[in-house]
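Shown next, in structure tokens, is the structure this report addresses.
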Amino acid sequence: MDMELAPLRQWDDFFPGVDRFAKPDFSDLAKWNNRMISNLMYYQTNYFAAALVVFLIVGFLNPFGLFLGGTVVTLVFAGSVWAGENKAFIKSFKRKNPTLFVICVMVTSYFLLSLCGGVMIFIFGITFPLLLIMIHASLRLRNIKNKLENKIEGVGLKKTPMGIIMDLLDQQEEKMNKIQDFIESKLKE
């Protein structure tokens, strides 16, 4: 599979002052999910770079623990994706509850790592970067320029690492169509 990296966004676009962040509307979960998917796709290289910095710090402090934690999470995620593709019940659950599906993968990983004694490495090396990414993606507001650029790049985003992850979680295609409809409605106004 041909995979390409999305461009690294400038720091002042990725993390500007507090005026570009706002609490999501918890009553409209579809809109919040669209904001998260859009930000995850648009800032994916920035998110991978930030996670890599945390991984390197934790990996420097405890390389075996991070390797063990990463292996367990990867195996659980791969197993859940395989089960999601081959078992109708899990596939339906994953499609209807993608966030809950990811939480189940993380809880299962946590449980398996607690048996090995690598819980703290799991929390700081794997879960903490994911938590920071989810918080940023939830709170970061988008402007029209970013939305349009994301849509223009949308055709190629499916071949990026985040696009592949979103496909495995059954998220990208329908969410990108909703983003397109939203942008078109804003342009008509």
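The values are calculated or read from the model by the stated rules, or taken from the named source; none is laboratory data. Predicted model, so just to flag it, every value in this text is computed and none were measured. Using ideal geometry, Cβ is built from the backbone for each residue, glycine included, and neighbour counts are taken over all protein chains shown. Calculation scope for accessible area: heavy atoms of the full protein, side chains included, ligands and nucleic acids excluded. Shrake-Rupley method; radii C 1.70, N 1.55, O 1.52, S 1.80 Å.
Can you list the residues, at least 5 places off or on another chain, whose amide H is less than 5 Å from the amide H of residue 21, using H built in the peptide plane?
141
Taking a virtual spin label 7 Å from the Cα of residue 4 along the C-beta vector, which residues in the stretch 26-46 bring their backbone nitrogen under 15 Å of it?
Zone members listed by number: 45.
Count neighbours as other Cβ atoms within 10 Å of each site's Cβ, and list the chymotrypsin sites (Phe, Trp or Tyr not before Pro) in the stretch 9-47 that are DSSP loop with at most 16 such neighbours.
Answer by residue number: 26.
Within the accessible area of the stretch 27-143, what % is carbon and sulfur when the probe is 1.4 Å and the other protein chains stay in place?
Of the solvent-accessible surface of the stretch 27-143, carbon and sulfur hold 79 percent.
Any idea how far apart residue 75 and residue 11 come out in nm if each label point goes 7 Å out from Cα toward Cβ?
Distance between label points: 4.0 nm.
Assuming R0 = 35 Å, can you tell me the calculated FRET efficiency for the pair residue 60 and residue 95, based on Cβ-Cβ distance, to the nearest 0.05?
0.35
Could you tell me how many cubic angstrom of Cα convex hull volume the stretch 27-143 has per residue?
Taking only Cα atoms, the stretch 27-143 has a hull volume of 114 Å³ per residue.
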